[in-house]
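The values are calculated or read from the model by the stated rules, or taken from the named source; none is laboratory data. Note that this is a predicted model, so its numbers are computed, not measured. Neighbour counts run over all protein chains shown; Cβ positions are idealised from the backbone, glycine included. To get the accessible areas, we keep the full protein, side chains included, count just its heavy atoms, and leave off ligands, DNA and RNA. Shrake-Rupley method; radii C 1.70, N 1.55, O 1.52, S 1.80 Å.
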Amino acid sequence: MEIDFFSIFVLLAGVYILYAAILLKTQKKITKSIMMNQNRDVKQIKDKEGFVRFMFVRTMVVAVVTIAAGLWGLIEPFFVTTWVTDVVVVVAFTLMIVYYLISIRKADKEFCR
């Protein structure tokens, strides 16, 4: 059996996003590289509490979906699957990333100067 390094990478990325979400909720620490427009600075957030409330659930959902996608890639060889299953996983993961990027843009417009 081969090691699926891409699935491991996706899984680890999901764990990192989950860690960033926990820091956001517990310490109000905003991980700019994950949660913000890269042309903005954290100091430009005018309503930090509102930003935290808006982004926490979205970041948690992205973390869970990313972890699930990574785990699926690792355990999928042990199941009898069809191409449909793979397409559903890829589409769901892609839609979640698009939704999260839209959320970042919305947070930028609503909470930043």
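Quick check, is Lys28 in contact with a strand residue (DSSP E or B) (Cβ under 8 Å, 6 or more places away or on another chain), more than 22 Å from Leu12 (Cβ to Cβ) and surrounded by fewer than 17 Cβ atoms within 10 Å (Cβ to Cβ)?
Numbers: in contact with a strand residue (DSSP E or B) (Cβ under 8 Å, 6 or more places away or on another chain): no; more than 22 Å from Leu12 (Cβ to Cβ): yes; surrounded by fewer than 17 Cβ atoms within 10 Å (Cβ to Cβ): yes.
Criteria not met by Lys28.
Restricting the range 66-91 to residues that are more than 27 Å from Asp41 (Cα to Cα) and open to solvent by less than 50 Å² (accessible area, probe 1.4 Å), which is modelled with the lowest pLDDT?
My answer is Thr81.
Take the range 1-11 and flag every residue that is exposed (fewer than 12 other Cβ atoms within 10 Å of the Cβ) and over 11 Å from Ala69 (Cα atoms).
Matches in the range 1-11: Met1, Glu2, Ile3, Phe5.
For the structure I just gave you, tell me whether Phe51 is surrounded by 15 or more Cβ atoms within 10 Å (Cβ to Cβ), touching a Cys at 6+ places or on another chain (Cβ under 9 Å) and either free of Cβ contacts under 8 Å to residues at least 24 places away in the same chain or of a type in the set (Phe, Trp, Tyr) (or both). Reasoning before the result, please.
Working: surrounded by 15 or more Cβ atoms within 10 Å (Cβ to Cβ): yes; touching a Cys at 6+ places or on another chain (Cβ under 9 Å): yes; either free of Cβ contacts under 8 Å to residues at least 24 places away in the same chain or of a type in the set (Phe, Trp, Tyr) (or both): yes.
When the stated conditions are applied, Phe51 passes them.
Condition (residue is open to solvent by 90 Å² or more (accessible area, probe 1.4 Å), in contact with a strand residue (DSSP E or B) (Cβ under 9 Å, 6 or more places away or on another chain) and either more than 19 Å from Thr31 (Cβ to Cβ) or basic (Lys, Arg) (or both)) applied to the range 95-113: is it met by at least one residue?
Yes - at least one qualifying residue is present in the range 95-113.
Residues that are within 23 Å of Ile3 (Cβ to Cβ), in a helix (DSSP H, G or I) and modelled with pLDDT under 95: does the range 93-101 have at least one?
Taking the range 93-101 as the starting set, the residues that turn out to be within 23 Å of Ile3 (Cβ to Cβ) are 93.
Subsequent filtering for residues that are in a helix (DSSP H, G or I) retains 93.
Filter again for modelled with pLDDT under 95, leaving 93.
Checked against the condition, which is being within 23 Å of Ile3 (Cβ to Cβ), in a helix (DSSP H, G or I) and modelled with pLDDT under 95, the range 93-101 yields at least one hit.
Pairs only if they're at least six apart or on different chains, beta carbon under 6 angstrom, first in the range 69-83 and part of a helix (DSSP H, G or I), second of a type in the set (S, T, N, Q); list them, first residue then second.
Gly70/Ser7; Gly73/Ser7; Leu74/Ser7
Test Arg40 against the stated conditions and say whether it is among the charged types (D, E, K, R) and either surrounded by fewer than 18 Cβ atoms within 10 Å (Cβ to Cβ) or not in a helix (DSSP H, G or I) (or both).
yes
Can you tell me which residue in the range 8-33 is farthest from Arg53 (Cα to Cα), limited to those that are modelled with pLDDT of 95 or more and of a type in the set (Gly, Ala, Ser)?
My answer is Ala13.
From the residues in the range 12-25 that are without any contact (Cβ under 8 Å) to a residue 24 or more places away in the chain and open to solvent by 50 Å² or more (accessible area, probe 1.4 Å), which one is farthest from the chain's Cα centre (by Cα)?
Ile22
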